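Chemist: Sharing a structure here in C-alpha cells format.
The values are calculated or read from the model by the stated rules, or taken from the named source; none is laboratory data. Here the structure is a predicted model, which is why all the values come from computation and not from measurement. Every residue, glycine among them, receives a Cβ derived from its backbone with ideal geometry; neighbour counts consider all protein chains shown. Just the protein is used for accessible areas: all its heavy atoms, side chains included, with ligands, DNA and RNA removed. Shrake-Rupley method; radii C 1.70, N 1.55, O 1.52, S 1.80 Å.
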Amino acid sequence: MTTRRNLLGLLCLAPFAARAQQGRRVYRVGALETTSLRANTENFERFRRGMEERGYVEGPSLVIAYRSAEGRTERFAPLAAELVHSKVDLILTRGTPASLAAKRATATIPIVMAVVADPVESGLAASLARPGGNVTGLTSASGELAPKRLEVLKALVPKMSRVAVYANLDNLAAQATWRDTDQAARSMGIEAMLLDVRSTEQIGPAFEKAIGERADALLVGIETLAASNRDAIVERAARHKLPAMYSARDFVDAGGLVSYGVNYADLYYRAAGYADRIFKGARPGELPIERPSKFSLFINRRTANSLGVVIPPDLLLRADWTVD
C-alpha cells in the first residue's frame, strides 16, 4: 500500500522526471526516397537497426519523416523543401536526383546519401576523400558494374548479340551508366540498344521497340522511375519472353530473372554510421564517401525455367540466393 510519505515523494520526483525526459535530445531525420516505405522495407529496416545499435530509438530519441517521390523526379524539389522547412537535423537520400534536390534545398542541414551512383561526376561532392559542403555518404559505383552484369547475362544467354538497355537519361547518373554499359558491350562484341524511358507511359513502347529490333536480352538500371515501376517492368519482360538483368534483388523477388549489384540493405545500414558521427559533431564535408563492400548475385530459377534459360552450374555456385 502506498503511504502518504511515499506518495508525497513520488509527486516531488515527478517534475524532475519530466524535465529529464524533456532534456533528452530527439534527433529528426528526413528521408527523401524514390519509392514508398512499403517497397523499401528491407533497406529502411537496416537503417533503423543501424541507428538503434548506436542508441537512437524511434520515439524516445529519433523521429523519421519519410518522404517518397513515388517515381516522379519532379517531386523531389518540393519534398526536399518540405523537409528543410520542418527543420530536420539530417536528410537521408537515395539516388542522384534526390541528393541533388536536397543539396539545392539546403547548404547547412547535413545530407547523407544512402546510395548514389557517382557523386563526383554529378556535382554532389568535390571528391570521394573530401566531399566538401554538407553532403557525404555512400556510392554504389554502378557504372563500374556494367561489364560484370553483361558477363552474367551473356552466360545466361550465350547467343546474345544485341542487348536492350533500359535507362532514364533525365537522370545524370543514368547517362554515365549508359556510356559505361555501351563501352563494355562493344568490348564484348555486343550491340547495346538504348531504351530511353523518362515516364511511365514510355515503358510499354520501349519494350515494343526492344522486341521489334530483336533484342536478345534486357539490362535494367536502377533509378527512380525503374524502382517505382518494378512490377510493370518485370511483367513486360516475362510477357515478351525477354531475359533481363536487374540491378537490385527486389526485381528478382518480383519475378525477374537475375540481378547483380551492390547490397543496398548494407549501404543503408552503413548510412546510420554517418548519421551517428554527424550527430556527434563531425562535419559531413570532411567524412569520406565510401564505396560498396558487398556485391550480390540473385537468380530466379523459376523464371529461368519459364524462359528456357539454362543456368550454368558455376553461376549457380556463385549466386548468393536463388528462387526455386
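Chemist: Where the second residue is open to solvent by 60 Å² or more (accessible area, probe 1.4 Å) and assigned to a strand (DSSP E or B) and the first is among the charged types (D, E, K, R) and lies in region 137-163, which pairs have Cβ atoms under 6 Å and are six or more apart or on separate chains?
Modeler: Once the first residue is among the charged types (D, E, K, R) and sits in region 137-163, its partners that are open to solvent by 60 Å² or more (accessible area, probe 1.4 Å) and assigned to a strand (DSSP E or B) give ARG162/GLU191.
Chemist: In addition: So in region 58-108, with the set limited to residues that are more than 17 Å from the chain's Cα centre (by Cα) and in contact (Cβ under 8 Å) with a residue 60 or more places away in the chain, which one is surrounded by the most Cβ atoms within 10 Å (Cβ to Cβ)?
Modeler: VAL88
Residue-by-condition table, conditions (1) hydrophobic (A, V, I, L, M, F, W, C); (2) open to solvent by less than 50 Å² (accessible area, probe 1.4 Å); (3) at pLDDT 95 or above; (4) farther than 25 Å from GLU42 by Cα:
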| site | (1), (2), (3), (4) |
| --- | --- |
| ARG149 | no, yes, no, no |
| VAL165 | yes, yes, yes, yes |
| THR181 | no, yes, no, yes |
| ILE190 | yes, yes, yes, yes |
| GLU223 | no, yes, no, no |
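Chemist: Okay, moving on. Taking ASP314 as meeting all but one of (1) open to solvent by 70 Å² or more (accessible area, probe 1.4 Å); (2) within 24 Å of the chain's Cα centre (by Cα), write down the number of the exception.
Modeler: (2)
Chemist: Considering every residue within region 284-295, establish whether at least one is among the polar types (S, T, N, Q) and under 26 Å from ARG162 (Cα atoms).
Modeler: Looking for residues that are among the polar types (S, T, N, Q) and under 26 Å from ARG162 (Cα atoms), one finds none in region 284-295, hence no.
Chemist: Something else: Scan region 226-264 for residues that are assigned to a helix (DSSP H, G or I), of a type in the set (Phe, Trp, Tyr) and under 17 Å from VAL163 (Cβ atoms) and jot them down.
Modeler: Of everything in region 226-264, just one residue is assigned to a helix (DSSP H, G or I), of a type in the set (Phe, Trp, Tyr) and under 17 Å from VAL163 (Cβ atoms), namely PHE251.
Chemist: Separate question: Is one or more of the residues making up region 214-225 of a type outside the set (Asp, Glu) and in a helix (DSSP H, G or I)?
Modeler: Within region 214-225, one or more residues are of a type outside the set (Asp, Glu) and in a helix (DSSP H, G or I).
Chemist: Any chance you could count how many residues in region 249-271 are surrounded by fewer than 23 Cβ atoms within 10 Å (Cβ to Cβ) and closer than 17 Å to GLY50 by Cα?
Modeler: So the answer is 5.
Chemist: Quick test for you: out of GLY55, GLY30, pick the one residue that is open to solvent by 30 Å² or more (accessible area, probe 1.4 Å) and either of a type in the set (Val, Ile, Thr) or modelled with pLDDT of 90 or more (or both).
Modeler: GLY55
Chemist: Sticking with this structure for a sec: Name every residue in region 233-242 that is surrounded by fewer than 24 Cβ atoms within 10 Å (Cβ to Cβ) and closer than 19 Å to ALA155 by Cβ, in order of residue number.
Modeler: If the condition is that a residue be surrounded by fewer than 24 Cβ atoms within 10 Å (Cβ to Cβ) and closer than 19 Å to ALA155 by Cβ, then LYS241, LEU242 are the ones that fit.
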